[in-house]
Amino acid sequence: MVKRYSVWIAAPVLLIVLPQIFDSGFAITMMSEMCIAIIFALSYNMLLGQGGMLSFGHAVFYGFGGFISIHAINLVTDDIIVIPLELIPLVGGIAGFFFAILLGYISTKKAGTTFALISLGLVELVVACVLLFPSFFGGEEGVSGDRMLDYSITGIGFGKGVEVFYLIAFWLMVATALMYLQTQTPLGRMANAVRDNPERTPFVGYNIHLVRFFQFALSGFFAGIAGGLLAINYEIVNSEMIGALASGHVLLMTYIGGVGHFFGPILGAVLYTFLHLTLVNITMAGQLYLGVLFIIIILWAPNGMAGILMVHQPVWRAGLFKELLPTYLMALGAGLVTFFGALILVEVNYHLSLSIEPDKPMQLFGVEFLANSWPPWLFSIALMAAGYFMLRPIIRKIGLKWDELTQVMQGGK
Amino acid sequence: MEFYVISLLNSLVFGMLLFMLSSGLTLIFGMMGVLNFAHASFYMLGAYLGYQVSVFIGFWPALVIAPILVGIIGAGIERYGLRTVHKYGHVAELLFTFGLAFMIEELILLIWGRVALNYQVPASLDFTIFKLFESDFPAYRVFMLVVSVTMFVALYLMLTRTRTGIIIQAALTHAEGVGMLGHNVPRVFMIVFGGGSALAGLAGVIGGNYLVTSPSMAILLGPIVFVVIVVGGMGSLTGALIASLLIAALQTFAVGYDYSLVDLLTLFNIELGSEPLFPDLWRIKIENTGPLLPYLLMVVMLIFRPKGIMGERES
Amino acid sequence: MKLKSLLLFLVGAFVFSIFSTAMAASGTIKIAYIDPLSGGFGDVGDAGQKHFQFMADKIKAEGGFLGGMNFEIVPFDNKISAKESLVQLKHAIDQGIRFITQGNGSSVAGALIEAVKKHNRRNPDKTVLYFNYAAVTPAFTQSKCDFWHFRFDAHVDMKIAAITDAIKDTPSIKKVYLLNQDYVFGHAVSAAAKKMLKVKRPDIKIVGDTFHPILKVKDFSPYVAKIRKSGAQAVITGNWGADMSLLGKGVNESGLKASFYTFYAGGLGTPSTMGKAMDGLRQVTEWHDNLSVEENRPFDQKFRKAYNDKFSNGGKAPWYYGRIRTMMEMLVKAFNKAGSTDPKAVAYALEGMEHTTYYGKVVMGRKDHQLLQPLYISRFTKTDGKMVKYDRENTGYGPTTEFKTDALDTATPSSCKMKRP
Amino acid sequence: MTNKIALNLVDVEKRFGETEIIRGVNLAVKRGERHAVIGPNGAGKSTVFNLISGYYPLTGGKIELNSQEINGLEPFQINRLGLCRSFQVTNLFAKMSVFENVRCALLWSEGYKYSFWHLMVRQKKLNKKAEEIIEQLNMSHRSKIPVGELSYAEQRTLEIGITVAGGADVILLDEPTAGMSKSETEQAVELMKFVSEGKTLIVVEHDMGVVFDLADRISVLVYGKIIATDTPDNIRNNKAVQEAYLGEEEEV
């Protein structure tokens, strides 16, 4: 019993402690963005992972949640309505829910590629509307507001980033708990059923269109909450939040995290946001690394990071993980050698073609060298070759070890 | 009158360029069920390779070499990438091409840099072929038309007269059956994917200098190609042709109409108050809806006729 | 399983904190350059960074300011996204950076003005000053003006004032066509042009006022056909990037003879994609390649050459932002005048500052923080080795001045009501 | 009279493009009857099931369930009117456990609709009922296992279980014993007898042993038409049936 609820106790403690340890403005911003991304990715996984609906337009509901929230904030500032800031995310959620109902009924009639294409078309339409309706969307500049409202339940001013982080963290816990519970309800289960077997579901009495539609609407609700939180965090909402790019980001993070498990998108959102925000200031090749990570996941780990972890669950339970560990460590070592080889090659190339002064020496891990000299090239190719030749037998060995363990575990039954 | 004739000609040129792009995509979708998000990236690759080859040995060899290179790259990606994810289903395949589009753009940035290329129309085609009313009609547009029509005819002949073509046609309608007849389906897939990529590459070579060759060209043209194949009917070449021309015409001609809802109301002698509800809605002119129309068409089509104009089956 | 994600997070946060705690070296003033360095606008941001870097190096070589201090340009990639810019702003503030500069995208500039304003109000001990070198929405120094924001580029109304002054002096122009991108900036160009033409040349007819979707049009020939149909002798357009290139190509192909008054025909990367379509286009800028020839300023020619040798990638991306030079020179003066590196003191020093450039006097508006500087309308023609000595981006076409407005003449009435700390 | 008929097909036709698959089928199944549909391969047996269950739209004719016309209704609507079906090819929710499969099949009939406010673990009655059904299927020990890992016969058994779980009173089973061994078939027949107690059962089956053991009446479908409907004994002796069907079967 304690074990079952331990995650739900540990997570809030962690959320309270973290900003006390990492208290720089950027760290707070990053953690806030991570929490928002988690809600957004989990809401996306209600579609992709649980409902089998691949959407390219989920940011529409996120964006509408954001726009309505920022308008609500401005209305409160102008003393037209009274909503405490703590409840603004709920406004965003209701907005997301409303637009999901509006757009969802027609788009959930079909699943699969048709659904994906409709979502793609809708997002383009909404983006086109952003520029056509500047009085709502604020045109290119977007709509900004001031989150320091006169109304607050808690009496917190929300001027400081860390105060906003705690608000976001609170909503993160609420939204995550609700979304988790939703998977345990009849609708959540039937969404799984529709995903697994849309052919059979009508013959147990369910209208698959409506199952998808309700799932879609709820997912829009949570995306709207995330959007409302984003509006509070940045105090500005503009077209980039509603567009195809934002939808693409949430797809990437969810898939990298793993669509097959509830906690997958959490891993994905944390890792992706971290990489997305930090790589950009470390390397010019950030986009490339993210793209490679995505492709590697698709090619070799279709269930994402969560999938990789869960494959090991039975081994871990059987107490056999230590059998795998040595080979894994070897693979990690060889993998790192290959990775560093590739990394040097990529960085050298980026430096040569995209840095502002390619002829100047570049720095990598504290070592300074000239990109257009031969040693880094030779070194990187040597590393990659060495890594490759080390990896091949190790991967074979891992395969053999797995076969062995599977037999042991089945024998044990 | 002048406006209509010129617009008609121009929409024909642009429509055929669109068709060149979408024909490959629709064939790939029809055969393999893969919605290739990276298709416009092959178009971009074609433009860049076309530029590079034409810098070395001139435009005319580039016209042949660049599409072949793109085709080989495409076939390689099918063989070593797409085939691996095939077993995980269409969603994984689609996401793979999604990631691929991302990677191709990064690689192009890496090789050719961020700045748009100075890729110009070759001197031998850079003249005015005829005068239409007062406007000059550039020879290059005629050339583009010739290339795209030639390509259409060649593709048509290939599909109806050659063995591979007939297998492809059969696979378009009865994907499962072809494998049973003992054909090497993976190889056919590779040929189709490579061929489709090559067509996109060709569109890039002749479209890159006519339009702009820059790292964002794929993103700018990508979504519209999807519209074409959806509206035309996935897997249908004729549908893609009709839809390409239709969408090009739609976008070209919408420019000519600067009426808004206010004008419509004025027609009925209704005057709008000074502060109407939804102030933006009333001022939108037809000409501004140009980019919106294709997507509207696509969504409406998907909802009411998912088969598209000429499609044989739903996606 | 959750534990694993937390571990990952902690490791990540640790790595990050190492990066972020790199302290500023004493004796340098860091300027955060927040602009796109990747993605579709990466080329423009990249060129801007090189301009700033070049000026920082030059200032260092000349002995710096405040007794040997120097500028260090710290690039932050914002992917031309407002949201990412705000994250990068936080990042910059964490690193102790108190001065930021940005130019591309009104959406980004608007977000930064707001964010800097709020930050300074909430953290009066850590104020930040923002120098805008290229975002031209008039409101930024009018209704939305702010003490912490300085603009070194002429805004839309000022550029249109210059263009309409030039048109005023050209009696052959009777019909004008306005073609702009359908978003805030395009609408501002159109509105300003209509308003000013009405005052300056009431006889001119606006025969078209078209907005086209931004960055979506692949073929401008229908628009060109429309312009031809209207019989306009002059076209005013604020188009930039691909929208400018494609428009130029369309005009060139169809042989349309109207005069094109543009904002950005010479904009970074645009000429190289237009090639010979550059011929005859006009631009309004504060500096252009052949100004030094026309005004006989050999030092400026040397400056241009020094930059191009170092950064232009074989002439493909030559010096463009004359105002970045003005801005950096003025900053040196402002730091010296303030005698401190406190943003507030620097801001007060900048207000109302006069400065003499190679091409006349410039003044930083005391009330609205808008720089007044001379504006030139120049026309692109084939280089002839004499007055048209330098071309733009290796196209073989270079600008020659047709019309000049003095700094003070560019001033437009401002509705700015600034609150000063 | 009519209220004794559970399922009534009148002149039912189905064309796919030019091809006519079902050419005017008339069939009346009495309430409480166990009815088998037999016929050679390609006769259209599965198509008839697909038409009845609303999977395909009709080209002509009508279908009545308990005197109510059901052609044109969606499958889920027909299911809610009390008709359920199984599939020829095993068609389960592959990623879920046996227990989850049965529970999903129960949800609608237990009145949960699209609820997202009931937690499944708390629904004692629902869970108990699911366990009971699994016990009837003799699969209690396999309850937690994902159905993808079950043996073929177990999957077929579960297929029947899911079909009847919702409590429909007209049950359509499409080749329930296909691919089973002899002993497995016997068990399946016992199960079918048990679950169809007091209900109407219509079954498509190739195994004549099963058919003659189970059915009260048999219809013979040949090339999209029913050539005979009668008791097992009469069918066995029917000349036309022997010629058209049994004869051919022997040849095969």
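The values are calculated or read from the model by the stated rules, or taken from the named source; none is laboratory data. All figures in this text were calculated on a predicted structure; none of them were measured in a lab. Glycine gets a Cβ as well: all are built from the backbone with ideal geometry, and neighbour counts include every protein chain shown.
Table for the structure above
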{"item": "Test: residue in the stretch B:224-236 that is away from every other protein chain (no Cβ under 11 Å), in contact with a Leu (Cβ under 9 Å, 6 or more places away or on another chain) and either at pLDDT below 85 or at positive phi (or both)", "result": "yes"}
{"item": "Among residues of the stretch A:287-336, those that are loosely packed, with under 15 Cβ neighbours inside 10 Å, closer than 19 Å to A:Tyr388 by Cβ and more than 10 Å from every other protein chain (Cβ to nearest Cβ), counted", "result": "4"}
{"item": "Residues being closer than 29 Å to C:Ile214 by Cα and crowded, with 19+ Cβ neighbours inside 10 Å - total across the stretch A:93-112", "result": "7"}
{"item": "Residue list for the stretch B:55-113, filter: in contact (Cβ under 8 Å) with a residue 12 or more places away in the chain, in contact with a Pro (Cβ under 9 Å, 6 or more places away or on another chain) and within 11 Å of another protein chain (Cβ to nearest Cβ)", "result": "B:Arg83, B:Glu105, B:Ile108, B:Leu109, B:Trp112"}
{"item": "The stretch C:252-272: number of residues that are part of a loop (DSSP other than H, G, I, E, B) and either more than 14 Å from chain B (Cβ to nearest Cβ) or farther than 18 Å from B:Ser135 by Cβ (or both)", "result": "7"}
{"item": "Selected residue (only one of D:Asp174, D:Asp216, D:Asp207 is within 16 Å of D:Arg85 (Cβ to Cβ) and within 18 Å of the chain's Cα centre (by Cα))", "result": "D:Asp174"}
{"item": "One residue from D:Leu106, D:Leu137, D:Leu119, D:Leu81 being more than 14 Å from every other protein chain (Cβ to nearest Cβ) and of a type in the set (A, V, I, L, M)", "result": "D:Leu137"}
{"item": "Single match in D:Gly198, D:Gly167 (criterion: within 23 Å of A:Val204 (Cβ to Cβ), surrounded by fewer than 22 Cβ atoms within 10 Å (Cβ to Cβ) and within 14 Å of chain A (Cβ to nearest Cβ))", "result": "D:Gly167"}
{"item": "Pair list, Cβ < 6 Å and 6+ apart or interchain, from the stretch C:308-322 residues that are surrounded by 19 or more Cβ atoms within 10 Å (Cβ to Cβ) to residues that are among the polar types (S, T, N, Q)", "result": "C:Pro318/C:Asn308; C:Pro318/C:Ser312"}
{"item": "Total residues in the stretch B:160-189, condition modelled with pLDDT of 85 or more and surrounded by 20 or more Cβ atoms within 10 Å (Cβ to Cβ)", "result": "1"}
{"item": "Any hit, the stretch D:63-70, residues being crowded, with 17+ Cβ neighbours inside 10 Å, facing chain A (nearest Cβ under 7 Å) and in contact (Cβ under 8 Å) with a residue 60 or more places away in the chain", "result": "no"}
{"item": "Among the candidates A:Leu252, A:Leu267, A:Leu271, A:Leu279, residue that is within 9 Å of another protein chain (Cβ to nearest Cβ) and either over 22 Å from A:Ile28 (Cβ atoms) or touching a Phe, Trp or Tyr at 6+ places or on another chain (Cβ under 7 Å) (or both)", "result": "A:Leu252"}
{"item": "Residue within the stretch D:41-51 that is within 14 Å of another protein chain (Cβ to nearest Cβ), modelled with pLDDT under 90 and either buried (at least 17 other Cβ atoms within 10 Å of the Cβ) or more than 18 Å from the chain's Cα centre (by Cα) (or both) present", "result": "yes"}
{"item": "Entirely in the stretch C:306-409, the strands (runs of 3 or more DSSP E) that have 1 or more residues that are of a type in the set (Lys, Arg), under 21 Å from the mean Cα position of the chain (by Cα) and at pLDDT 95 or above", "result": "C:375-382"}
{"item": "Given (1) within 14 Å of another protein chain (Cβ to nearest Cβ); (2) closer than 23 Å to C:Asp46 by Cα; (3) over 14 Å from the mean Cα position of the chain (by Cα), number of the condition C:Gln301 does not satisfy", "result": "(1)"}
{"item": "Considering residues of the stretch A:12-43 that are of a type in the set (S, T, N, Q) and more than 15 Å from A:Leu167 (Cβ to Cβ) only, the residue nearest to the other protein chains (Cβ to nearest Cβ)", "result": "A:Ser24"}
{"item": "Residues within the stretch A:122-138 that are without any contact (Cβ under 8 Å) to a residue 24 or more places away in the chain and either buried (at least 19 other Cβ atoms within 10 Å of the Cβ) or in a helix (DSSP H, G or I) (or both), tallied", "result": "6"}
{"item": "Qualifying position, being on the phi > 0 side of the Ramachandran plot, outside the structural domain of C:Ala135 (by TED's automatic domain parsing) and surrounded by 23 or more Cβ atoms within 10 Å (Cβ to Cβ), among C:Gly241, C:Gly248, C:Gly186, C:Gly255", "result": "C:Gly241"}
{"item": "Residue among A:Gly260, A:Gly286, A:Gly307 that is outside the structural domain of A:Gln182 (by TED's automatic domain parsing) and at pLDDT below 95", "result": "A:Gly307"}
{"item": "Test: residue in the stretch D:182-194 that is away from chain A (no Cβ under 14 Å), of a type in the set (S, T, N, Q) and closer than 16 Å to D:Val89 by Cβ", "result": "no"}
{"item": "Filter result for the condition that a residue is within 14 Å of chain B (Cβ to nearest Cβ) and on the phi > 0 side of the Ramachandran plot, over C:Gly275, C:Gly280", "result": "C:Gly275"}
{"item": "Odd one out for A:Ile168 among (1) surrounded by fewer than 22 Cβ atoms within 10 Å (Cβ to Cβ); (2) modelled with pLDDT of 95 or more", "result": "(1)"}
{"item": "Qualifying position, being at pLDDT below 95 and crowded, with 19+ Cβ neighbours inside 10 Å, among A:Ile28, A:Ile70, A:Ile81, A:Ile16", "result": "A:Ile28"}
{"item": "Cβ-Cβ under 7 Å pairs, at least 6 apart or on other chains, the stretch D:119-145 side more than 23 Å from A:Gly188 (Cα to Cα), far side among the β-branched types (Val, Ile, Thr)", "result": "D:Leu137/D:Thr157; D:Met139/D:Val98; D:Met139/D:Thr157; D:Ser140/D:Ile134; D:Arg142/D:Val98"}
{"item": "Members of the stretch C:281-312 that are touching a Ser or Thr at 6+ places or on another chain (Cβ under 7 Å) and under 30 Å from B:Pro122 (Cα atoms)", "result": "C:Leu281, C:Arg282, C:Gln283, C:His288, C:Asn290"}
{"item": "Unique residue being in contact with a Gly (Cβ under 7 Å, 6 or more places away or on another chain) and within 30 Å of C:Pro421 (Cβ to Cβ) when the list is C:Tyr348, C:Tyr321", "result": "C:Tyr321"}
{"item": "Which numbered condition C:Tyr130 misses (of (1) assigned by TED's automatic domain parsing to the domain that holds C:Ala234; (2) surrounded by 23 or more Cβ atoms within 10 Å (Cβ to Cβ); (3) touching a helix residue (DSSP H, G or I) at 6+ places or on another chain (Cβ under 7 Å); (4) not charged (D, E, K, R))", "result": "(1)"}
{"item": "Residue within the stretch C:240-248 that is of a type in the set (Gly, Ala, Ser), more than 8 Å from every other protein chain (Cβ to nearest Cβ), more than 30 Å from A:Val127 (Cα to Cα) and assigned to a helix (DSSP H, G or I) present", "result": "no"}
